[in-house]
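Colleague: What follows is a single structure, and I will ask about it in a moment.
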Amino acid sequence: MLLAIIYIICAYLCGSINFAYIITKMVVNVDIRKVGSNNPGTTNVLRIAGTWPAIFTLILDAFKGFIVVFFAIYISDSFSYSVMVCFAVLLGHMFPIFFSFKGGKGVATGLGVFLALMPMPTVIAFSIFILVFLCFSYISLSSICAALSLPIGSYFCGYSLEAIIFSFAIAMLIIYKHKSNLKRLKEGKENKSVLFKRK
């Protein structure tokens, strides 16, 4: 029991490691929280530091979520426990103790945790992300659509009610973190993103 609690605390602390901040500091020597959109996440890294730093941020944020949830099975084989670990990692990423509880929006880390917890619905959600992005070039809109598709995919893939409710709750939290993006989308002021710019 004590080990399970300690692991959840470690999951939160691991989630609190902000790779957007670390990578932009290393690459362009700026505080990601004070430039661009001020959000310490992959999209702002893309805007401030470029494509490859953003890709590395995405991979590392997803990996930290995946690896912690993947190894949770060695602490407890209960699905409910894995859900708690997932929530701890995402909470750490969105509200990190190391950065005054102001973190990212949870999309990349969500990709990692759900890939470990519910692979097939996550693959579906990621595919929808890519499709929406290719059609409209809005990362925020792609993220919102992917988040909404996760509980739907969980339902059609036959996951338990607990899994569906949890994925829905996280989807709502991710959408809430995108509230400023939703406002800009409604007003037609949201910036489109280009991954690889032509020289």
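Colleague: What is the spin-label model distance, in nm, from ALA169 to MET1 if the labels are put 7 Å beyond Cα along the C-beta direction?
Modeller: Roughly 2.2 nm, to one decimal.
Colleague: Hey, another quick one. How do the peptides 45-53, 113-121, 184-192 rank, highest first, by the average count of neighbouring beta carbon atoms within 10 Å per residue? Before the final figure, lay out each step's value.
Modeller: Values: 45-53: 19.2, 113-121: 22.7, 184-192: 11.9.
Going by the mean number of other Cβ atoms within 10 Å, highest first, we get 113-121, 45-53, 184-192.
Colleague: For SER78 and SER193, what is the calculated FRET efficiency with R₀ set at 25 Å and r taken between the beta-carbons, to the nearest 0.05?
Modeller: Values: r = 39 Å, r/R0 = 1.57.
Calculated value: 0.05.
Colleague: Let me ask you something else. Using a 1.4 angstrom probe, figure out how much accessible area the chain has per residue, in square angstrom, rounded to the nearest whole. Working shown, then result.
Modeller: Numbers: 10740 Å² over 199 residues.
Ligands and nucleic acids excluded, the figure is 54 Å² per residue.
Colleague: Taking all protein chains in place and a 1.4 Å probe, what share, in percent, of the accessible surface of the stretch 66-163 do carbon and sulfur account for?
Modeller: Details: 3460 of 4540 Å².
So the carbon and sulfur contribution to the accessible surface is 76 percent.
Colleague: Further, regarding this structure: Against the globular-protein guess of 2.2 N^0.38 Å, express the Cα radius of gyration of the stretch 104-199 as a ratio, rounded to two decimals. Could you put the intermediate results ahead of the total?
Modeller: Details: Rg = 13.8 Å, N = 96, 2.2 N^0.38 = 12.5 Å.
So the Cα radius of gyration is 1.11 times the expected 2.2 N^0.38 Å.
Colleague: Quick check on the chain: helices-only [θ] at 222 nm, where DSSP H runs of length 4 and up contribute -39,500 (n - 2.57) each and the sum goes over total residues. Nearest 500, please. Spell out each step's value before the answer.
Modeller: Values: 10 runs with 140 residues, N = 199.
Counting only the DSSP helices, I get -22500 deg cm²/dmol.
Colleague: Moving on to the next point. Would you mind checking the tilt of helix 107-117 against the longest principal axis of the Cα atoms of the chain, expressed as 0 to 90 degrees and rounded to 10?
Modeller: For helix 107-117, the angle is close to 30 degrees.
Colleague: Further question: Restricting to Cα pairs below 8 Å that are 6+ residues apart, what does the relative contact order work out to for the stretch 21-152? Please round to a whole percent.
Modeller: Values: 163 pairs, mean separation 25.1, N = 132.
Here the relative contact order equals 19 percent.
Colleague: Could you give each residue of the stretch 161-170 its phi-based ³J(HN,Hα) in whole Hz, using Karplus coefficients 6.51, -1.76, 1.60 with θ = phi - 60°, and x for Gly or Pro?
Modeller: 4, 4, 5, 5, 5, 5, 5, 5, 4, 5
Colleague: Can you give the net charge of the other residues whose Cβ lies under 14 Å from the Cβ of LYS34, counting K and R as +1 and D and E as -1?
Modeller: Details: positive: LYS25, ARG33, ARG47, LYS102; negative: ASP31.
Result for the neighbourhood of LYS34: +3.
Colleague: What's the extension gain from CYS10 to PHE71 if we count 0.36 nm per residue and subtract their Cα-Cα distance?
Modeller: Extending this stretch completely gives an extra 20.8 nm.
Colleague: Over the alpha carbons of the chain, what is the largest minus smallest coordinate on each principal axis, giving the biggest first in Å?
Modeller: Principal-axis extents of the Cα atoms in the chain, largest first: 53, 36, 28 Å.
The values are calculated or read from the model by the stated rules, or taken from the named source; none is laboratory data. These figures come from a predicted structure and were not determined experimentally. For neighbour counting, all protein chains shown are included, and Cβ atoms are generated from backbone atoms with ideal geometry for every residue, glycine included. All accessible areas refer to the heavy atoms of the entire protein, side chains included, with ligands and DNA or RNA removed. Shrake-Rupley method; radii C 1.70, N 1.55, O 1.52, S 1.80 Å.
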